[in-house]
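Chemist: Got a structure here, written out as structure tokens. Questions coming.
A short reminder: the numbers here are calculations on the coordinates, not readings from a lab. Every value quoted in this text rests on a predicted model; they were computed, and no experiment measured them. Please note: Cβ atoms are built from the backbone with ideal geometry, for glycine as well, and neighbour counts cover all protein chains shown.
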Amino acid sequence: MSGPVLAVDQGTSGTKALVVCPERGVIGTGAAPVRPRYGSGGRVEADPAELLDSVLEAGRAALADAGEPAVAVGLANQGETVLAWDPESGAPLTDAIVWQDRRAAPLCDELAPHAEELRSLTGLPVDPYFAAPKMAWIRRHLTRDGVVTTTDAWLAHRLTGALVTDAATAGRTQLLDLDRVDWSPRALELYGLADERLPEVVDAAGPVGATRAFGGELPLTGLLVDQQAALLAQRVTEPGTAKCTYGTGAFLLAQTGPLPRRGDSGLVSCVAWRLGGETSYCLDGQVFTVASAVRWLTDLGVISGAADLDPVGGAVPDAGGVTFVPALAGLAAPWWRGDVRGSLTGLGLDTGPGQLVRALVEGVAAQVAALADAAAADLGAPLTVLRVDGGLTRSALLMQTQADLLQLPVEVSALPDATALGAAAVARLGHEPGLRPEDAVPDWRPSAVYEPRIGATEAAERLGAFRAAVERLLDGAA
């Protein structure tokens, strides 16, 4: 019988850790907060020391809660957050530039003539969201010393001394050849990063090294970027199935199988995971501000936190004609207009907190509906269901609104912390090489299923109003 594994999910606003036993499920949990810093010019930074400390604190707390040792550890990461660091000492040379950061936009503008070439090579549009523009910005403006990588490579190095990144995280850089699943010399050249020492691209499951950071010696056997870890944990393994995670942002991923699908809908084509040398691909769409938009309303004093969404929004029958495009960090897929700012329209003297909450919920759900439509267009068939996870799935108002606007059932995961469970799955696969992926992930069982309560005509009208507001923003920013 195999023993429990420690799974650590290092996220934007905190780190969660689980100790997962194959027979008993989750037997220990731990958490530690992380507070990104928001500055002018679209700057979002984090203290690398805080990221590492949060990993150690959450992991040790989960093991203490379990009261028994683990046999291996898996690590999930933020994906596009980067820093420069000294590969000899492991010391950070810069702050971590978080995935939401927009400061590399001018560098992306310079690369506009090569945008289609880069999209063809890597599956990604040229946008500051991805890691390569941030890496190039660090090299141009902060330091030429050390190595510059995504945070997973730094954390894995601090834990084990290895210099590695998994194929799915590498695919979030815009430096990975999507077909070969290895670094692209041409992309590196275009970003001015051709001479960089880069991490080795490895499978999501397999031995990386060993760490004593959590007590006794533990092998690090799993590495996977956050959204793809949640995709695996929710058993979204067949082409045409999809999930959406509602966290700091919202991230919709649709499985496409063993071949990358390069559509023209505005979604990203990327690596889902590489296991046993075999690559699975997915389509990926993003909403940059979801929980961060809720926090924005909270900071304004409109609500006291996410727990207020349902009681405050549920106190009114509708948004009262208010439309909120929550593009507080720009519009991501399928528009890819980072220069666009959010908008609130239709305000009146009768507008209160309830209408603002309703408008925010509808704005988030409408953006996710746009991603689902784009995925269906690229797949050539409509989605049949959406599986969802993340903290904001606790809002019945958001989930019902999502089902209404999608005109699809929304299945809420019964398993909290799907990303950490995905990290546990790859850790177990790396520790037990003969195990099949379907035997390493939990059975899928929704805690709730939201069916549409409105008809297709009303859904289309509400989506039309939102899209008209987006078009006005796009015209104004043109």
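Chemist: Quick one: the Cα spread of the stretch 141-215 along its three principal axes, in angstroms, biggest first?
Modeler: 43, 32, 15
Chemist: I need to check one value: relative contact order of the chain, counting alpha carbon pairs closer than 8 Å and at least 6 residues apart, in percent.
Modeler: Computed value for the chain: 14 percent relative contact order.
Chemist: Right, something else. Could you pull the Cα extents of the stretch 252-376 along its three principal axes, largest to smallest, in whole Å?
Modeler: Projected onto the principal axes, the Cα atoms of the stretch 252-376 cover 58, 26, 25 Å.
Chemist: Projected onto the charge dipole of the chain (+1 at Lys/Arg Cβ, -1 at Asp/Glu Cβ, origin at the Cα centre), which of Ala194, Ala469, Gly320 gives the Cα projection farthest towards the positive end?
Modeler: Looking along the dipole axis, the top candidate is Gly320.
Chemist: Something else: Give me the percent of DSSP beta bridges within the chain that run antiparallel, rounded to the nearest 5.
Modeler: Approximately 75 percent, going by the DSSP bridge assignments.
Chemist: Next up: Counting Lys and Arg as +1 and Asp and Glu as -1, each charge on the Cβ, what is the dipole of the stretch 11-104 about the Cα centre in debye, to the nearest 20?
Modeler: Roughly 360 debye, rounded to the nearest 20.
Chemist: Rounded to the nearest 5, what % of DSSP beta bridges with both residues in the stretch 5-233 are antiparallel?
Modeler: In the stretch 5-233, DSSP labels about 70 percent of beta bridges as antiparallel.
Chemist: Between 0 and 90 degrees, rounded to the nearest ten: what's the tilt of helix 396-406 against the longest Cα principal axis of the chain?
Modeler: 80
Chemist: In nm², what is the average projected area of the convex hull enclosing the Cα atoms of the chain?
Modeler: In nm², the orientation-averaged hull projection of the chain is 20.7.
Chemist: About the Cα centre of the chain, how large is the charge dipole given +1 on each Lys and Arg Cβ and -1 on each Asp and Glu Cβ? Please answer in debye to the nearest 20.
Modeler: Dipole about the Cα centre, nearest 20: 340 debye.
Chemist: Still on this structure: What number, rounded to the nearest 500 deg cm²/dmol, is the helix-based mean residue ellipticity at 222 nm of the chain, given -39500 (n - 2.57) per DSSP H run of at least four residues and division by all its residues?
Modeler: Computed mean residue ellipticity for the chain: -10500 deg cm²/dmol.
Chemist: Taking each pair of distinct Cα atoms in the stretch 387-478 once, what is the resulting Kirkwood hydrodynamic radius in Å?
Modeler: 15.9
Chemist: Further question: Any idea what the dipole of the stretch 5-233 comes to, in debye rounded to 20, about its Cα centre with Lys/Arg Cβ at +1 and Asp/Glu Cβ at -1?
Modeler: Dipole size: approximately 380 debye.
Chemist: For the stretch 186-217 and the stretch 66-120, what is the separation of their C-alpha centers, rounded to whole Å?
Modeler: Answer, in whole Å: 11.
Chemist: List the residues whose amide H sits under 5 Å from the amide H of Gly247, counting only those 5 or more places along or on another chain, with H placed 1.01 Å from N in the peptide plane.
Modeler: Ala291
Chemist: What is the pair-distance distribution P(r) of the stretch 355-401, computed from all Cα-Cα distances in 10 Å bins starting at 0, with each bin given as a whole percent?
Modeler: 24, 48, 25, 3
Chemist: Once the Cα atoms of helix 151-160 and of the chain are each reduced to a long axis, what angle between those two axes, in degrees from 0 to 90 to the nearest 10, is obtained?
Modeler: Once rounded, one gets 30 degrees.
Chemist: Here is a further query. Note down the relative contact order for the stretch 5-233 as a percent, whole number, built from C-alpha pairs under 8 angstrom at least six residues apart.
Modeler: That works out to 20 percent.
Chemist: Another question, if that's okay. Once you place label points 7 Å from the Cα toward the Cβ at Val316 and Arg140, how far apart are they in nm?
Modeler: For the pair Val316/Arg140, the computed spacing is 4.3 nm.
Chemist: Can you tell me the orientation of helix 353-379 relative to the chain, as the angle in degrees between its alpha-carbon axis and the longest Cα principal axis, to the nearest 10?
Modeler: The two axes meet at around 60 degrees.
Chemist: Mean 1/r over all different Cα pairs, inverted: what Kirkwood radius does the stretch 174-251 give, in Å?
Modeler: 15.7
Chemist: Taking the Cβ-Cβ separation of Val71 and Glu438 as r and a Förster radius of 22 Å, what is the calculated FRET efficiency to the nearest 0.05?
Modeler: Calculated value: 0.60.
Chemist: Which of Val364, Leu253, Gly39 sits closest to the plus end of the dipole of the chain, meaning its Cα is farthest towards the positive end, when Lys and Arg get +1 and Asp and Glu get -1 on the C-beta?
Modeler: Gly39
Chemist: Right, next: For q values of 0.11, 0.12, 0.17, 0.18 Å⁻¹, compute log₁₀ I(q)/I(0) with the Debye formula on a Cα-only model of the stretch 5-233, without solvent.
Modeler: -0.52, -0.62, -1.19, -1.31
Chemist: Still on this structure, please answer the following. Picking from Leu107, Leu163, Ala306, whose Cα lies most toward the positive end of the charge dipole for the chain (charges on Cβ: Lys, Arg +1; Asp, Glu -1)?
Modeler: Highest projection toward the positive end goes to Ala306.
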